[in-house]
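For reference, the structure is listed below as structure tokens.
What follows draws every value from the coordinates through simple rules; no lab data is involved. What you see is a predicted model; the values in this text were computed from it and never measured. For neighbour counting, all protein chains shown are included, and Cβ atoms are generated from backbone atoms with ideal geometry for every residue, glycine included.
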Amino acid sequence: MSVVLNRGEKGRHTARPGWTLFALVSHTVRMQLRGVIIWGAALGLYSAAMVASFTAIEGSADQLNQLMEAYPKGMLEAFGVTDLGDPANYLHSQVFGLAPLALSFFPILALANALAGAEERGTIDVLLGNPLPRWQLVAGNFVAGAVSLLGICAIVGLLTWGTAVLVDVELFQREVAEAVLNLWPICIMFGALALLCSAFFHRRSLAIAIPAFLLFGMYLMDTIGRASEDLEDWRPLSVFYYYGSAIENGIDWTHFGSITLVALALLLLATLVFRRRDIYT
């Protein structure tokens, strides 16, 4: 449920006076807070564990790199492995190269539930009973999902950098901050796609399945493309091609902005679709 309503004396839903877009966003963020903590703690603790594990391999990094030379070069490139003695590259290959694949499911699930989920539960009429136009309901849920996603990134960053300080691994604040911030545009783009599907379809399952299929498909396209020269030309069709390794090279702001613009374009389409379609209650 994205909106809180007051009940009149006869049990009818009446809109809370002064209900605004900001109130919708703040309420939805509060409703998502538990998920933010769970997702942030899960991914953050995994990242922290990888930071701690680096101390165990740091002394034998040269031997591990020599061992890795026996593996096909394409396989190493597929997983972003270049130098296991570098904590930034180690974390990219073990954590941040895979993180957008996992973390994208938070906005996908949250934003698929925003419209199609409410329609399936039969509560969409409550949502539409508020003094907010349809486009604000769509935009409000998107903004709430984007803010919650930033909260998860912040938790992951704090746990990662805090562990690095505790175990004396050389990771700079800026490296960690850029690594977690770089997760945001890809994840919110797939969330915006889920919101578009939620606005278009009447079923939450479709609003989840379609972006999830594209998420896995694009990830495999980029991974296989890095491993195979024959498929390398297909990589630009995947959003992961533009992800990079921010913990090693910093954020590519051109790619960051371009992916964000795609997410906003999907949001615009979602608002247009939801304004025009019939609602089943």
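The value of relative contact order for segment 24-276, using C-alpha pairs under 8 Å at least six residues apart, is 28 percent.
Could you tell me whether segment 24-276 comes out rounded, prolate or oblate from its Cα gyration tensor? Rule is a ≥ b ≥ c as square roots of the eigenvalues, rounded for a/c under 1.5, then prolate if a/b exceeds b/c, otherwise oblate. Taking the square roots of the gyration eigenvalues as a ≥ b ≥ c, segment 24-276 is prolate.
Here D86, D230 are placed in order of increasing Cβ neighbour count within 10 Å, fewest first, which gives D230, D86.
If each residue of separation counts as 0.36 nm, what is the full-extension length gain between L21 and F172 once their alpha-carbon separation is subtracted? Mind showing how you got there, number by number?
Working: separation 151, 0.36 × 151 = 54.36 nm, distance 3.77 nm.
Here the answer is 50.6 nm.
Assuming 0.36 nm per residue, please report the length gained on full extension of the stretch V165 to R276 beyond their Cα-Cα distance. Write out the running numbers ahead of the final one.
Values: separation 111, 0.36 × 111 = 39.96 nm, distance 5.28 nm.
The span from V165 to R276 would gain 34.7 nm if fully extended.
Listed values for segment 206-218 are Karplus-derived 3J(HN,Hα) couplings in whole Hz (6.51 cos²θ - 1.76 cosθ + 1.60, θ = phi - 60°), namely 5, 5, 8, 5, 5, x, 5, 4, 5, 4, 5, x, 5, and x replaces Gly and Pro.
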